[in-house]
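So the structure is just underneath, and the comments pick up after that.
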Amino acid sequence: MSEPTPNPSTARAQSGGSYDAVVVGAGFAGLYMLHRVRGLGLSARVFEAGSGVGGTWFWNRYPGARCDVESMEYSYQFSDELQQEWEWTERYASQPEILRYLNHVADRFDLRRDITLDTRVLSAAFDEARDRWQLRTDDGAELSARFCIMATGCLSSTNTPNLAGLDSFAGPMLHTGNWPHERVDFTGKRVAVIGTGSSGIQAIPLIAEQAEHVFVFQRTPNFSVPARNQPLDPAVQRTVKRDYAALRHRGSQMPFGFDTRSSERSALEVSHEERLAEYEDRWQQGGLPFLGAFADLLFSSEANETAASFIRDKIRQIVRDPGVADALSPRGVVGCKRLCSDSGYFETFNRSNVTLVDIATSRIEALTERGVRTTEAHYEVDCIVFATGFDAMTGALSRIDIRGTAGVALRDKWADGPRTYLGLSSAGFPNLFIITGPGSPSVLSNMVPSIEQHASWIADCIAYMGERGMRRIEATQEAEDAWVAHVNEVADATLYPSCNSWYLGANIPGKPRVFMPYLGFPAYVQKCGEVAARGYEGFVVTCGSAPAGT
Ligand code: FAD
Ligand code: NAP
């Protein structure tokens, strides 16, 4: 199925109006949320800033972009027909394939007629007199809705560092998270890639195959394991589909919400040889389940160091120049920043047309008209690729002027870090839901099941309110405070707070250092279920003006 050509004028003409629910964003989350809200017989409209559906997979079109959770698990499970019909062609689907899948979902469930593309929501204010959200979009339209559901994405607000001379570079500057739709040809070009997180690590090998020369500007080396991507054997796919529920169930019981073959053993209770054999087996099998090798890898520095030194040894074996191998070897904790999964990343540094520029030792001073100047040298390039990540988890939300009761702005409430109850709701913002918000497993989980769980919980909550004639639901301050404390307590028991990751907001200058996601998909799902079963414990649910439950 091809990507349809959008018709902005038709789409934008539909942006005013009054709805039961407005959903902001048309990625995995917005599409499924629309399907669920419609299933309740409610009127709904989705607003999407992009000119197509797909979210992450619409925007991140850089070479090599693909999922790092296996396709059979990084996909919706709400419709058995859908999961039986769709044929994934690779173990880890590429961006074009995931985008085709999401377009197929939009068509298959007839979602497009309620989606307005090319339209950014600028503000959302709660009208207390009417218990309705008033929204404004960038085409000047005003609309209102009982429920406002933010499906704006955890990794949708790109981060371009404010380098000196940013405006002076004469050539093209591209960001992996907002990649052009037309094919970018690097043939014969000298390319600077700034950033070596998951995006850079996926893109660099492919850019290097085409470009005349690639200069990789690395501030911090990252741990990466081979993805071992390959065509998906149709026989394997048939076997999974025969009992898809079993795979989905296995994933749901794992800490990250997908099948990491997580062990319950400590890395320190087995012999050196046994440990190496386990790491080697996982290295050969490929992908993120490397971190499932032992139960304490994210809890004990000593255990973690055994995995870290295994990966460093691998880097030394792969990269021929010992100096380059050393510069590529991360010193810290594996998994503290998201573990990367690559296809030939370290091998790329054996190519004669690739130069690693270690900007930890010689920082970037400025961009110039013709390239990048560090404290040690000037690198002349034709094109600069920013693989510098995102203002994660809060960025897209804080770009919208969201105002709750008494006109309080969400961005002010969150000035010292995001505060939510279950990542779904924030006190003082009635009838506003966030899909995979800060305080939920979100980016520490396989995000598609997390999204489905959130959208289902929200739809069930709206249905519950409808059945009882309730108008308004809002997290209590006490429940929110207790949840924020719990999220921190869980994070503090791990090694996650020990590095400058985007999980902590540390990649954005001035952003408060707060660990944003919640670790532990199964416990989280159980908690959400209990809250609902107890009549939305921790929320005030209002019938007219009288409180009807807690
Ligand atoms: P998004 O897909 O980010 O969609 C949000 C949409 O909201 C965007 O299209 C945006 O334009 C729109 N929007 C935001 N603000 C506004 C506004 N004010 N008005 C209108 N529209 C707005 N997760 C995994 O679990 N496994 C993976 O393998 C994986 N790979 C990834 C690879 C890349 C390159 C990236 C960047 C992320 C990856 N992720 C992965 C995380 C990924 O973001 C989620 O898996 C998932 O796609 C998120 O879906 P979403 O709908 O919540 O958000
Ligand atoms: P990222 O992990 O935040 O990496 C950004 C890179 O840019 C880091 O190397 C960072 O260095 C560097 N950087 C940032 N600001 C810089 C500056 N001012 N000067 C020099 N270098 C700078 O971003 P990402 O690679 O886009 O990945 C973000 C997340 O998206 C991932 O963690 C993952 O969750 C998801 N993702 C997944 C996949 C996948 O494999 N499926 C692919 C892409 C993205 P420092 O480390 O020093 O800050």
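The table below gives the values:
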| read-out | value |
| --- | --- |
| Verdict on Val236 being away from ligand 2 (no atom under 16 Å from the Cβ) and over 24 Å from Glu278 (Cβ atoms) | no |
| Hey, Val408 in contact with a Pro (Cβ under 6 Å, 6 or more places away or on another chain), surrounded by fewer than 22 Cβ atoms within 10 Å (Cβ to Cβ) and not charged (D, E, K, R) or not | no |
| Residues of the stretch 432-461 that turn out to be touching a Phe, Trp or Tyr at 6+ places or on another chain (Cβ under 6 Å) and among the hydrophobic types (A, V, I, L, M, F, W, C), as a count | 4 |
| Search result, residues across the stretch 376-423 that are among the aromatic types (Phe, Trp, Tyr) and more than 21 Å from Pro441 (Cβ to Cβ) | Tyr379, Phe386 |
| Qualifying helices (runs of 4 or more DSSP H) (wholly inside the stretch 312-402; at least 1 residues being touching a residue at least 24 places away in the same chain (Cβ under 8 Å) and over 30 Å from Ser123 (Cα atoms)) | 322-328, 345-348 |
| Subset of the stretch 212-237 [in a loop (DSSP other than H, G, I, E, B), of a type in the set (A, V, I, L, M) and either over 23 Å from the mean Cα position of the chain (by Cα) or surrounded by fewer than 19 Cβ atoms within 10 Å (Cβ to Cβ) (or both)] | Leu232 |
| Residue among Leu155, Leu166, Leu247 that is hydrophobic (A, V, I, L, M, F, W, C), assigned to a loop (DSSP other than H, G, I, E, B) and within 16 Å of ligand 1 (Cβ to nearest atom) | Leu155 |
| Those residues of the stretch 195-211 which are within 7 Å of ligand 2 (Cβ to nearest atom), closer than 18 Å to Met173 by Cβ and assigned to a helix (DSSP H, G or I), in sequence order | Ser199, Gly200 |
| Checklist (1) over 29 Å from Gly286 (Cα atoms); (2) surrounded by 15 or more Cβ atoms within 10 Å (Cβ to Cβ) applied to Asn178, failing item | (1) |
| Among the residues listed as Ser123, Ser157, Ser168, Ser144, the single one being on the phi < 0 side of the Ramachandran plot, polar (S, T, N, Q), at pLDDT 95 or above and within 16 Å of ligand 2 (Cβ to nearest atom) | Ser157 |
| Test: residue in the stretch 69-83 that is of a type in the set (Asp, Glu), within 16 Å of ligand 2 (Cβ to nearest atom) and modelled with pLDDT of 95 or more | yes |
| Hits in the stretch 129-144 - residues which are of a type in the set (A, V, I, L, M, F, W, C), touching a strand residue (DSSP E or B) at 6+ places or on another chain (Cβ under 6 Å) and more than 14 Å from ligand 1 (Cβ to nearest atom) | none |
| Any chance Leu495 is over 28 Å from Gly39 (Cβ atoms), in contact with a helix residue (DSSP H, G or I) (Cβ under 7 Å, 6 or more places away or on another chain) and free of Cβ contacts under 8 Å to residues at least 60 places away in the same chain | no |
| Condition broken by Glu369, with the remaining ones in (1) farther than 26 Å from Tyr19 by Cα; (2) in contact with a strand residue (DSSP E or B) (Cβ under 9 Å, 6 or more places away or on another chain) satisfied | (2) |
| Criterion: at pLDDT 95 or above and either outside any helix (DSSP H, G or I) or within 25 Å of Thr158 (Cβ to Cβ) (or both) - qualifying residue of Ala459, Ala485, Ala479, Ala415 | Ala415 |
| Qualifying residue in the stretch 59-74 (condition: among the acidic types (Asp, Glu), near ligand 1 (Cβ under 7 Å from one of its atoms) and in a loop (DSSP other than H, G, I, E, B)) | yes |
| Filter pass, Gln237 being among the polar types (S, T, N, Q), touching a Lys or Arg at 6+ places or on another chain (Cβ under 9 Å) and at pLDDT 95 or above | no |
| Single residue of the stretch 10-68 satisfying the filter (at pLDDT 95 or above and among the charged types (D, E, K, R)) that is nearest to ligand 2 (Cβ to nearest atom) | Asp68 |
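The values are calculated or read from the model by the stated rules, or taken from the named source; none is laboratory data. As the structure is a prediction and not an experimental result, all values here were calculated from the model. Positions of Cβ are backbone-derived with ideal geometry, glycine not excepted, and every protein chain shown enters the neighbour counts.
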